[in-house]
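Participant: A single structure is presented below for examination.
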Amino acid sequence: MRRLVALLALVAGTASAADSLRPPLLLTARPAAQDLSGTWTYSRDYYRTSLTDINGWVAKSRMQRFRDVDVATEEKKPGPTFFEFDLDRGPTMTLPGAWNSAVPELRWYDGLIWFQRRFDASVSAGQRSFLRFEAVNYRAMVYLNGKAIAQHEGGFTPFVVEVTNTLRATGNRLVVGADSRHDAQTIPGEITDWDLYGGITRPVKLIQTPATFIDDATLRLTDAGHLVGSLQLNGPQAGHQPVSLRIAALGLTLQARTDAAGEAHFDVAAPTSLKRWSPESPTLYDVDFEAEIGSDRDRLRDRIGLRTVAVRGSDILLNGQPIFLKGISLHEEEIAVNPARRLDDGAARRLLGEVKTGLHGNYVRLSHYPHSEAMLRAADELGLLVWSEIPVYWTVDWDNPAVLDKARRMQAETLYRDRNRAALILWSIGNETPVADNRTRFHAALAQTVRALDTSRLVSAALLVERQGDTLRIADPLLKELDVIAVNTYAGWYGDDTLDAVARLRWDVPADKPLLFSEFGADAQAGFRDPTLRRKFSEDYQADYYRATLAMAAQVPTLRGLSPWVLKDFRSPRREHPIFQQGWNRKGLISETGQRKLAFDVLAKHYESLSSKR
């Protein structure tokens, strides 16, 4: 009962507490002084002996891998001291990247691994230094030169820690404990239909700034045709400082002054020469934010597209015009035999290029967690609308206020990172969660969190459906919290329906909201053809499945978009057919190596035929 009361109190206070969810440091668009990608050493710690000894005692110093000690030198000294670790002489791994793909013996490792990077740094008087981690999956414990400096939970969102007073000019020892274990209180939980991976999966960067600097800056276009933005200074002189916003391509310069908390706001009618961002014309502007603090000047540049998105009845409006979302779902795995969730700009563009030019798409559902910044920025450049999701997936501990707080913080960390991305139009608050009162309260709190932090985008969630005979209904009380309805449907793959039966299905859905088919799909092993029997797992069956489902979808009057499951075959420990799956979910339209299946062309031709709907 106490947990329920605490949860209800947290839900009730969601909007008023929204500001408390802002990460203390962002540094989203700042260039790195030093990218720490490359060779790191590592040490497995399956029994967590760096943290605790037998009987729950404090770990022995000889086991504490995060210590700032030269083990080889100490071992040469006489005396009783000895060590059971040495990260300086440990095996090496190239980071960022999941450890599961680094060496065969770590393929199924699930637990704690310590990583170390030695580096020198240019330290100047008056400067501040920060480490920015784009993602560590799932929990991170960070030590610099033997000092604990940060902890973070959540495998897909960034965190920043100041190291000004800990950083050395030479011989820095950065140690990161990455713990991949999931449980009933993690998000997601222990069981998913994708590989959870583990490790430092996105870049780690050393960033240096003036004593007072621009930590965050935003700009967007409102429905009323105004450019509104904000700028946040961080530092001892953040208050009452002159700041400016400049878009050279538009001949626009705006001046403002920060308030006592270091925040400034901009608001001006958009110039008539402004070109709105769209999939057909993904115009991005170099936006320069500047601050003058005494004799110092700090500048932050971001490439920002300007557009509006809204809902009117059952239509989704982009820049005031109805749009049909022609898309696909996508996991964060690069095209490779042995993917390591190493999504740099090149890997992101290769995946998104299959959507934009191969499928003639304008939209991508980034499932089931926040994808890398590289993916979002590539979508901005290429002109692909984006659905972004947090991993409230299947089920979590709905009655636990601490779990709700984790979900809200993940949502906020994603939102603050990506709110300048024009491509991003939909925030999803969950996927295939079972309808129940406690679950609905949980999701309602997430929807309220999004709206408190970002009024410029739409809220959705991928829902389950109820079936009565040949009628499919969405009887979910969460609908009232959503701007856009989205459902996952697999009739013709799961269950006993034949493909002929799919055409008879009818949808009973609200007429006043747009509907998306957020998932549908069928497995096929690339290269397996069965043109006679057209059995499941054949490319022929998958192609027939797409034809049948697309024909059924065309009869739904409020349908405003599709994101079939899924672009590329991806790793999933749930999928273990020894011939067709072997640890891969085979619903991709391309294989893990990029081979297109027959259904790829079926969907591409369908989207090409919808060109009149954009």
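Participant: Consider the range 171-207. How many of its residues are in contact with a Leu (Cβ under 8 Å, 6 or more places away or on another chain) and at positive phi?
Facilitator: 1
Participant: Name every residue in the range 377-401 that is part of a helix (DSSP H, G or I) and surrounded by fewer than 24 Cβ atoms within 10 Å (Cβ to Cβ), in order of residue number.
Facilitator: Selection gives R377, D380, E381, L382, P401.
Participant: Quick check on my filter: what residues within the range 449-470 are more than 19 Å from the chain's Cα centre (by Cα), more than 15 Å from V509 (Cα to Cα) and not β-branched (V, I, T)?
Facilitator: Residues satisfying the conditions are A452, G469.
Participant: Further question: Condition first: closer than 30 Å to D68 by Cα, among the basic types (K, R) and in contact (Cβ under 8 Å) with a residue 60 or more places away in the chain. Now tell me which residues in the range 167-224 satisfy that.
Facilitator: Within the range 167-224, R173, R181, R202, K205 qualify.
Participant: Which condition breaks for L472 when tested against (1) closer than 20 Å to R220 by Cβ; (2) surrounded by fewer than 20 Cβ atoms within 10 Å (Cβ to Cβ)?
Facilitator: Failed condition: (1).
Participant: Can you find, within the range 57-76, the residue that is nearest to N145 (Cα to Cα) among those that are assigned to a loop (DSSP other than H, G, I, E, B) and of a type in the set (K, R)?
Facilitator: Going through the qualifying residues, I end up with R67.
Participant: Output yes when any residue across the range 204-214 is within 20 Å of S129 (Cα to Cα) and within 19 Å of the chain's Cα centre (by Cα), and no when none is.
Facilitator: Yes - at least one qualifying residue is present in the range 204-214.
Participant: In contact (Cβ under 8 Å) with a residue 40 or more places away in the chain and under 24 Å from the mean Cα position of the chain (by Cα): is that true of R89 in this structure?
Facilitator: On the way: in contact (Cβ under 8 Å) with a residue 40 or more places away in the chain: yes; under 24 Å from the mean Cα position of the chain (by Cα): no.
No, not satisfied.
Participant: Right, another one. Can we say R547 is assigned by TED's automatic domain parsing to the domain that holds W584 and not in a loop (DSSP other than H, G, I, E, B)?
Facilitator: yes
Participant: State all residues of the range 137-172 that are in a strand (DSSP E or B) and among the aliphatic types (A, V, I, L, M); if no residue qualifies, say none.
Facilitator: Those that are in a strand (DSSP E or B) and among the aliphatic types (A, V, I, L, M): A140, M141, V142, L144, A148, I149, A150, V160, V161.
Participant: Let me ask another. Of all residues in the range 359-409, count the ones that are under 13 Å from the mean Cα position of the chain (by Cα), among the acidic types (D, E) and over 24 Å from P564 (Cβ atoms).
Facilitator: 1
Participant: With the structure loaded, tell me whether S538 is hydroxyl-bearing (S, T, Y), under 21 Å from the mean Cα position of the chain (by Cα) and at pLDDT 95 or above or whether it fails that test.
Facilitator: For S538, the condition - hydroxyl-bearing (S, T, Y), under 21 Å from the mean Cα position of the chain (by Cα) and at pLDDT 95 or above - is not met.
Participant: Just checking: which of the strands (runs of 3 or more DSSP E) contained wholly in the range 255-369 hold 3 or more residues that are surrounded by fewer than 20 Cβ atoms within 10 Å (Cβ to Cβ) and modelled with pLDDT of 95 or more?
Facilitator: On the way: elements: 263-269, 285-293, 296-304, 309-312, 315-318, 325-330, 363-366.
Answer list for the range 255-369: 263-269, 285-293, 296-304, 309-312.
Participant: All but one of (1) surrounded by fewer than 16 Cβ atoms within 10 Å (Cβ to Cβ); (2) among the hydrophobic types (A, V, I, L, M, F, W, C); (3) at pLDDT 95 or above hold for F66, so report the exception by its number.
Facilitator: Only one criterion in (1) surrounded by fewer than 16 Cβ atoms within 10 Å (Cβ to Cβ); (2) among the hydrophobic types (A, V, I, L, M, F, W, C); (3) at pLDDT 95 or above is unmet by F66, namely (1).
Participant: Now, a different point. List the pairs whose first member sits in the range 228-242 and is within 24 Å of I304 (Cβ to Cβ), whose second member is crowded, with 19+ Cβ neighbours inside 10 Å and modelled with pLDDT under 95, and whose Cβ atoms are under 6 Å apart, counting only residues at least 6 apart or on separate chains?
Facilitator: If the second residue must be crowded, with 19+ Cβ neighbours inside 10 Å and modelled with pLDDT under 95, the pairs left are Q241/I293.
Participant: Let me ask another. Considering only the range 173-181, I want to know if a residue exists there that is more than 26 Å from D405 (Cα to Cα), over 24 Å from the mean Cα position of the chain (by Cα) and not in a strand (DSSP E or B).
Facilitator: Checked against the condition, which is being more than 26 Å from D405 (Cα to Cα), over 24 Å from the mean Cα position of the chain (by Cα) and not in a strand (DSSP E or B), the range 173-181 yields no hits at all.
Participant: Please enumerate the residues belonging to the range 582-614 that are crowded, with 19+ Cβ neighbours inside 10 Å, part of a helix (DSSP H, G or I) and among the hydroxyl-bearing types (S, T, Y).
Facilitator: Listed by number, the list holds a single entry, Y607.
Participant: Can you tell me which residues in the range 492-545 are basic (K, R) and over 17 Å from I579 (Cα atoms)?
Facilitator: Within the range 492-545, R504, R506, K513 meet the criteria.
Participant: Looking at the range 448-467, can you tell me whether even one residue there is closer than 16 Å to W394 by Cα, at pLDDT 95 or above, part of a helix (DSSP H, G or I) and β-branched (V, I, T)?
Facilitator: No, every residue in the range 448-467 fails to be closer than 16 Å to W394 by Cα, at pLDDT 95 or above, part of a helix (DSSP H, G or I) and β-branched (V, I, T).
Participant: How do the pairs read when you match residues in the range 382-402 that are on the phi > 0 side of the Ramachandran plot with residues anywhere that are in a loop (DSSP other than H, G, I, E, B), using Cβ under 6 Å and keeping only pairs 6 or more apart or on different chains?
Facilitator: Close Cβ pairs (under 6 Å, with a partner that is in a loop (DSSP other than H, G, I, E, B)) amount to G383/P279; G383/P282; W394/E432.
Participant: Could you go through the range 406-416 and let me know if any residue there is surrounded by fewer than 24 Cβ atoms within 10 Å (Cβ to Cβ), free of Cβ contacts under 8 Å to residues at least 24 places away in the same chain and not hydroxyl-bearing (S, T, Y).
Facilitator: no
Participant: Quick check on the range 1-16. Is at least one of its residues under 30 Å from G171 (Cβ atoms) and either at pLDDT below 95 or not in a helix (DSSP H, G or I) (or both)? So that I can check it myself, show each step before the final result.
Facilitator: Quick first cut of the range 1-16, residues under 30 Å from G171 (Cβ atoms) only: none.
Scanning the range 1-16 turns up no residue that is under 30 Å from G171 (Cβ atoms) and either at pLDDT below 95 or not in a helix (DSSP H, G or I) (or both).
Participant: Next question, about the same structure. For P434, are the conditions met, namely being at pLDDT 95 or above and surrounded by fewer than 22 Cβ atoms within 10 Å (Cβ to Cβ)?
Facilitator: The answer is yes for P434.
Participant: How do the pairs read when you match residues in the range 444-470 that are without any contact (Cβ under 8 Å) to a residue 24 or more places away in the chain with residues anywhere that are surrounded by fewer than 17 Cβ atoms within 10 Å (Cβ to Cβ), using Cβ under 6 Å and keeping only pairs 6 or more apart or on different chains?
Facilitator: Filtered contacts from the range 444-470: E466/R473; E466/A475.
Participant: When you go through D483, D454 one by one, which is the residue that is acidic (D, E), in contact with a Lys or Arg (Cβ under 7 Å, 6 or more places away or on another chain) and either in the same structural domain as R132 (by TED's automatic domain parsing) or closer than 30 Å to G229 by Cβ (or both)?
Facilitator: Answer to the selection: D454.
Participant: So how many residues does the range 473-489 have that are of a type in the set (G, A, S) and modelled with pLDDT of 95 or more?
Facilitator: Total satisfying the criteria: 1.
Participant: I need a count of the residues in the range 17-56 that are within 29 Å of R408 (Cα to Cα), part of a loop (DSSP other than H, G, I, E, B) and charged (D, E, K, R).
Facilitator: Looking only at that region, the number is 3.
Participant: Keeping to the range 497-538, report how many residues are closer than 30 Å to V386 by Cβ and part of a strand (DSSP E or B).
Facilitator: Residues that pass the stated criteria total 8.
Participant: Does at least one position in the range 93-109 carry a residue that is in the same structural domain as V142 (by TED's automatic domain parsing) and under 18 Å from G146 (Cα atoms)? Give the steps one after another, and end with the answer.
Facilitator: Kept after step one, since they are in the same structural domain as V142 (by TED's automatic domain parsing), are these residues of the range 93-109: 93-109.
Narrowing the set further to residues that are under 18 Å from G146 (Cα atoms) leaves none.
No, the range 93-109 contains no residue that is in the same structural domain as V142 (by TED's automatic domain parsing) and under 18 Å from G146 (Cα atoms).
The values are calculated or read from the model by the stated rules, or taken from the named source; none is laboratory data. As the structure is a computational prediction, the values presented were derived from the model and not from experiment. Every residue, glycine among them, receives a Cβ derived from its backbone with ideal geometry; neighbour counts consider all protein chains shown.
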